[in-house]
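Okay, structure first, notes after.
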Amino acid sequence: MELRPKIPFYVTPYPDELFGSWLYRLQLYNHSSLLLQLTGITNQLRLDKSEWRDIPKNNQALDHLLKALGITYDVVMMKLSTYPYWLRFHSARAFDWKDGGTELPELILMDRRKTISRVSYLLPNLMRVCPICLAEDIEQYGESYAHRAHLLPFVRICHKHGVGLISRCPHCNQIFRMNSTFIHTPVVCTCNFDLR
């Protein structure tokens, strides 16, 4: 049974889109306070600083949000985070991931305070983009978005096009950091240089 979204203007995630990128677009097309209303959070939610950008901790606020969006935590982890990309590199015993199924391993369901040190170094700090993917996203969808595969640690080449990923503007050298330019995937830099 598929859950029905309970928001005015619903947008589906794009292929290989990061969870935070999708949340940003939902917020952009509805209202800036949408996520606050759906979760019951009373203070301002900054997606760029939030753990929700990738590999979110399952808690009550996130649970309220996911129910309103008609999606489950398992789907977010396996389809909208970088988690599945590096999961296979960890020991099967520690992660207990049975036959590559969609059930989340015990490690990710445990108290994250005990396990966060094991995965924190894997969380992206820089926004990396492929110039060709940017152009294709604009042509196909009318907007750009954060690709999970571009944000994996130590990945410097786009798996689809074989070109180098950029994490700074070639014209002004501005670095695309997660805490400032995150989620709103830049197409045109603040210096007006077109990154495509």
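The values are calculated or read from the model by the stated rules, or taken from the named source; none is laboratory data. Only a predicted model underlies this, so the values are computations on that prediction, with no experimental measurement involved. Don't worry about glycine lacking a Cβ; one is built from the backbone with ideal geometry, like all the others, and counts go over all protein chains shown. Accessible surface areas use protein heavy atoms only, side chains included; no ligands, DNA or RNA. Shrake-Rupley method; radii C 1.70, N 1.55, O 1.52, S 1.80 Å.
State the number of residues belonging to the range 2-55 that are at pLDDT below 85 and on the phi > 0 side of the Ramachandran plot. Of the residues in the range 2-55, 2 are at pLDDT below 85 and on the phi > 0 side of the Ramachandran plot.
Please list, ordered by first then second residue, the pairs with beta carbon atoms under 8 Å, 6 or more apart or interchain, first in the range 60-83 and at positive phi, second open to solvent by 60 Å² or more (accessible area, probe 1.4 Å) and of a type in the set (D, E). Cβ pairs passing all conditions: G70/E2. If you go through the range 129-177 and pick out every residue that is closer than 22 Å to I55 by Cβ, over 17 Å from the mean Cα position of the chain (by Cα) and outside any loop (DSSP other than H, G, I, E, B), you end up with 0. Return a yes/no flag: does the range 116-128 have any residue that is closer than 16 Å to R53 by Cα and modelled with pLDDT of 85 or more. Taking every residue of the range 116-128 in turn, at least one turns out to be closer than 16 Å to R53 by Cα and modelled with pLDDT of 85 or more. Each residue in the range 58-112 was checked for being aliphatic (A, V, I, L, M), in a loop (DSSP other than H, G, I, E, B), surrounded by 14 or more Cβ atoms within 10 Å (Cβ to Cβ) and modelled with pLDDT under 85, and 1 of them qualify. Restricting the first member to the range 139-151 and to residues that are farther than 26 Å from W86 by Cβ, and the second to residues that are crowded, with 17+ Cβ neighbours inside 10 Å and not polar (S, T, N, Q), the beta-carbon pairs closer than 7 Å and six or more apart or on different chains are Y141/Y14; E143/D137.
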